[in-house]
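The values are calculated or read from the model by the stated rules, or taken from the named source; none is laboratory data. The shown structure was predicted, so the numbers you read here are calculated from the model rather than taken from an experiment. Positions of Cβ are generated from backbone atoms using ideal geometry, with glycine treated the same way; all protein chains shown enter the neighbour counts.
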Amino acid sequence: MTTEQESTQSAQPKRPGQPAGVCSEYTILANIKPGQADAMRAANAAVSSEENEPASRAALQEIGTLHDARHVIFDDDTRYLFASSYPELTVQQIWKDQRANQAFQEVLDTPEFRAALDNPANAALLATPAFQKLLDQAQG
């Protein structure tokens, strides 16, 4: 029988660094070989190109927690930084949120939704702070 503490521990191995939320940070700082900065730019552009998007999404789906990445070439093309971390949401959670938002936006645009907003029977629901916040966020 497992204790509550054992059942909530991460399956990820303990690593150096300060963890934050459900995701782990990943950072690389490296020197670029002289004359190779343009090749690095080209490689980074190829990975993030539209034609490679399905492969990139599949790789991110497999990793599961990496979803924000920054590639920076600096110091006169002599240094490279790759940084990734987002503490509270995994890739799957963000994509799920995006799908839910898209569906919600489609509902907001229907005449049926407008009719529901105008229906006096829904006045109590519409007056709640939570519903007003939802509508405000959807508009903004």
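A few remarks follow.
- Scan of the range 115-132 for residues that are loosely packed, with under 11 Cβ neighbours inside 10 Å, within 31 Å of the chain's Cα centre (by Cα) and not polar (S, T, N, Q), ordered by number: 129, 130
- In summary, residue 7 fulfils each of the numbered conditions (1) more than 23 Å from the chain's Cα centre (by Cα); (2) modelled with pLDDT of 85 or more; (3) loosely packed, with under 12 Cβ neighbours inside 10 Å with the single exception of condition (2).
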